[in-house]
Amino acid sequence: RALLAVGLDTDQAARLPLLTAIKRDERFEGWVRVPRGTCAACLSATDGRVNASVSFPIHPNCNCVSAPVVRNVPNRVAYPTGAAIFAAMSAEEQDAEVGERAAEALRAGEIELSDLEGRSRLENEPDFITQAPVPAT
């Protein structure tokens, strides 16, 4: 528990000042999520939308980052969405990352990545994102 708490605090110590600077500086439009892993929670939160909030949903051991979006400057780096990342994986990689049942439902078009976005409620901290169960179809 101590290692988890220290890890979360260390990561947050880097995330929060960046998000705050992006929000306060008029040169930035906001940020986009760039996943550094491929869990379903992070993939579902990687939708390509520009965010202006200082809230950055995470989970333990999350390595995702916020990439600043500069106002009135063409974006020369296209960050892939979670759906594009998932689609580029082999079926075996997809099964390993989100679970066989979820991967099959995604491949069949029965569910969207957003259907797998869940939350773990925390009492005194922002909720963690997590992979939700596959909805009944």
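The values are calculated or read from the model by the stated rules, or taken from the named source; none is laboratory data. Computed from a predicted structure; not experimentally measured. Neighbour counts run over all protein chains shown; Cβ positions are idealised from the backbone, glycine included. Ligands, DNA and RNA are excluded from the accessible area calculation, which covers all protein heavy atoms including side chains. Shrake-Rupley method; radii C 1.70, N 1.55, O 1.52, S 1.80 Å.
With respect to being open to solvent by 40 Å² or more (accessible area, probe 1.4 Å), more than 19 Å from Arg15 (Cβ to Cβ) and within 17 Å of the chain's Cα centre (by Cα), Ser114 fits the description.
Which residue out of Asp25, Asp9, Asp47 is out of contact with any Cys (no Cβ under 8 Å at 6 or more places or on another chain) and at pLDDT below 60? Criteria check complete, one pass: Asp9. Within region 83-96, can one find any residue that is surrounded by 13 or more Cβ atoms within 10 Å (Cβ to Cβ), among the charged types (D, E, K, R), assigned to a helix (DSSP H, G or I) and modelled with pLDDT of 85 or more? Yes, region 83-96 contains a residue that is surrounded by 13 or more Cβ atoms within 10 Å (Cβ to Cβ), among the charged types (D, E, K, R), assigned to a helix (DSSP H, G or I) and modelled with pLDDT of 85 or more. Within region 39-59, if we keep just the residues that are free of Cβ contacts under 8 Å to residues at least 60 places away in the same chain and either in a loop (DSSP other than H, G, I, E, B) or among the hydrophobic types (A, V, I, L, M, F, W, C) (or both), the residue that is most open to solvent (accessible area, probe 1.4 Å) turns out to be Arg49. For region 111-135, the candidate set comprises residues that are assigned to a loop (DSSP other than H, G, I, E, B) and in contact with a helix residue (DSSP H, G or I) (Cβ under 8 Å, 6 or more places away or on another chain); within that set, the residue that is farthest from Thr38 (Cα to Cα) is Pro135.
Of all residues in region 79-92, those that are farther than 16 Å from Asp47 by Cβ have Cβ atoms under 8 Å from Cβ atoms of residues that are assigned to a helix (DSSP H, G or I) and open to solvent by 70 Å² or more (accessible area, probe 1.4 Å), 6 or more apart or on another chain, in Met89/Glu97; Ala91/Arg107.
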